[in-house]
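Enquirer: There's a structure below that I have some questions on.
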Amino acid sequence: MQAEDTRDLDRFEQLLEEGMVKICSGAGLLPAELVRCPDVDGVWDVYIKDYIADAVVNFNEYPEAALAWAGFLGLGVAWAWDADWQRYKDQPYRKWYGARGWDDMDEHILRDVLGLPLDGPEAKKISDTLQSCALAVLGLLQHEGVETQTARGFYLLARAYTVLYRTGAAIELHRLGYKKVLIG
């Protein structure tokens, strides 16, 4: 990959992150930036290939889910980091699936992992916000003229999944009371 291509991907990723923060802070789920955790980010590095394999299969029919589910996965991993990292840090990707596999990963993480009633206001707000984030990503991809079947489209989608994962993780870290603190 050439340096100009990497700069293009980096620009796209930064633009997405800024947009996700605006959407999520507008919904009251985030402060003005993403709270990051290297441990949680590290798990994404392990999961990304498996996640993309699932997302690619589902993208044409369910593009919003293919994008939003990355956010739900981030929610779950951030919860695990806070709950008992030693126990969960090596959990295989497929352990985040729901009873119907990838199809209900969102409900499984909200209900069974975070312990939120699916019909409750908090679960609904998180779900609606991640769906809004996914729609915003799709809109930006269309605006950029991205053809998802191309190499550039693949790399942009991979960056989008990453940003949505980090967004979900930041939502959960914020929900758990973590704040970004400058040291030094």
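Any read-out appearing in this document is the output of simple, stated calculations on the displayed coordinates, not a laboratory observation. It should be emphasised that the depicted structure is a prediction, and the values quoted were computed from it without experimental measurement. As a convention, Cβ positions derive from the backbone with ideal geometry for all residues, glycine included, and neighbour counts pool all protein chains shown.
Enquirer: For the range 12-71, what size does the Cα cloud have along each of its three principal axes, sorted from largest down, in whole Å?
Expert: Taking max minus min along each principal axis of the Cα atoms, the range 12-71 gives 34, 28, 21 Å.
Enquirer: Please pull out the direction-averaged projected area of the chain, using the convex hull of its alpha-carbon atoms, in nm² to one decimal place.
Expert: Numbers: hull surface 44.7 nm².
About 11.2 nm², averaged over all directions.
Enquirer: Next question. Check every DSSP H run in the chain and write down those whose alpha carbon atoms cover 30 angstrom or more along the long axis and whose mean Kyte-Doolittle hydropathy is -0.5 or greater.
Expert: On the way: long enough: 3-26 (34 Å, -0.59); 63-88 (34 Å, 0.18); 121-143 (32 Å, 0.27); 151-175 (36 Å, 0.20).
Membrane-span-like by this criterion, though nothing is claimed about a membrane: 63-88, 121-143, 151-175.
Enquirer: Also, quick follow-up: Give me the orientation-averaged projected area of the Cα convex hull of the range 26-102, in nm², one decimal.
Expert: Working: hull surface 24.7 nm².
The number I arrive at for the range 26-102 is 6.2 nm².
Enquirer: Next up: Taking square-rooted eigenvalues a ≥ b ≥ c of the alpha carbon gyration tensor, is the range 118-184 rounded, prolate or oblate, where a/c under 1.5 means rounded and, failing that, a/b exceeding b/c means prolate? Write down the numbers at each step before the final one.
Expert: Values: a/c = 3.20, a/b = 1.51, b/c = 2.12.
It comes out oblate by the Cα gyration axes.
Enquirer: Please get the size of the charge dipole for the chain, origin at its Cα centre, with Cβ charges of +1 on Lys and Arg and -1 on Asp and Glu, quoted in debye to the nearest 20. Walk me through the intermediate numbers first.
Expert: Numbers: 19 positive and 29 negative charges, 84 e Å.
Roughly 400 debye for the chain.
Enquirer: Only loop residues by DSSP count here, and only those with at most 11 other Cβ atoms within 10 Å; note down the trypsin sites (Lys or Arg not before Pro) in the range 41-112 that meet that. Intermediate results must be reported in sequence, preceding the final value.
Expert: Working: sites: 49, 87, 89, 94, 95, 100, 111; in loops: 89, 100.
Answer by residue number: 100.
Enquirer: Would you mind ranking 33, 61, 107 by Cβ crowding within 10 Å, fewest neighbours first? Walk me through the numbers before you get to the answer.
Expert: Values: 33 12, 61 8, 107 17.
Ascending Cβ contact count within 10 Å gives the list 61, 33, 107.
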